[in-house]
Amino acid sequence: MKGRILLINGPNLNMLGWREPEKYGSTTLDEIVRESTNLAYKLGYELVAFQSNSEGEIVDFIQREGISSVGIVINAGAYTHTSVAIRDALLSVNVPVVEVHMSNVFRREPFRHVSYLSDIAIGSIVGFKENSYYLGILALVSFLEGKKVSLEE
Ligand code: DQA
């Protein structure tokens, strides 16, 4: 394996599959984690997934696991729009970060247009429902390997 990728999900994302399916689709977080793990594995990486509804637990996880990872894909949920603490934790571990959102936050309420993570991320992927996660993993790996994105084996 070429390294470990962290997939971090913030508050309410444990409700995927039931929660506002018109915005977030009907796939559960377990299914997304399973697909993401398979995709990362095919690309040569181990994936470690974590979800929490509490900001401090997300900060603790980033501090604990971030340094030994090669990169982080994060959907911080509502904390995206509020959390200086998660931003600072990501900066402290100094690995590349990809921000993902299932919904297109820019088509939603103005408070969702502000992100505390976008300017410290290498890039953001928004609006593609569960595919945002898979595109996020592909984007991180292509960044790490300096390659064009390719779906070929
Ligand atoms: C979200 C968008 C956030 O604004 C919202 O609070 C979420 C989900 C998304 O994936 O589209 O919980 O991060």
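The values are calculated or read from the model by the stated rules, or taken from the named source; none is laboratory data. All values derive from a computational prediction rather than experimental measurement. Cβ coordinates were reconstructed from backbone atoms using ideal geometry, including for glycine residues, and neighbour counts include every protein chain displayed. Just so you know, the surface numbers come from the protein's heavy atoms only, side chains and all, with ligands and any DNA or RNA stripped out. Shrake-Rupley method; radii C 1.70, N 1.55, O 1.52, S 1.80 Å.
Structural remarks
- The range 1-43 - residue that is touching a strand residue (DSSP E or B) at 6+ places or on another chain (Cβ under 6 Å) and free of Cβ contacts under 8 Å to residues at least 60 places away in the same chain and, of those, nearest to the ligand (Cβ to nearest atom): Asn14
- Residue check, Glu46 surrounded by fewer than 16 Cβ atoms within 10 Å (Cβ to Cβ), under 22 Å from Arg4 (Cα atoms), away from the ligand (no atom under 16 Å from the Cβ) and not aromatic (Phe, Trp, Tyr): yes
- The set of residues in the range 49-62 that are charged (D, E, K, R) and exposed (fewer than 15 other Cβ atoms within 10 Å of the Cβ) comprises Glu57, Asp60.
- Residue pairs whose Cβ atoms lie under 7 Å apart, separated by 6 or more positions or on different chains, with the first residue in the range 104-132 and open to solvent by less than 70 Å² (accessible area, probe 1.4 Å) and the second within 11 Å of the ligand (Cβ to nearest atom) and among the basic types (Lys, Arg), are Val105/Arg112.
- In the range 84-143, the residues that are of a type outside the set (Ser, Thr, Tyr), out of contact with any Leu (no Cβ under 9 Å at 6 or more places or on another chain) and in a loop (DSSP other than H, G, I, E, B): Asn94, Asn104, Arg108, Glu109, Val114, Gly127, Lys129
- As a summary of the residue check, Gly146 satisfies the conditions (1) away from the ligand (no atom under 16 Å from the Cβ); (2) in contact (Cβ under 8 Å) with a residue 24 or more places away in the chain except for the one numbered (2).
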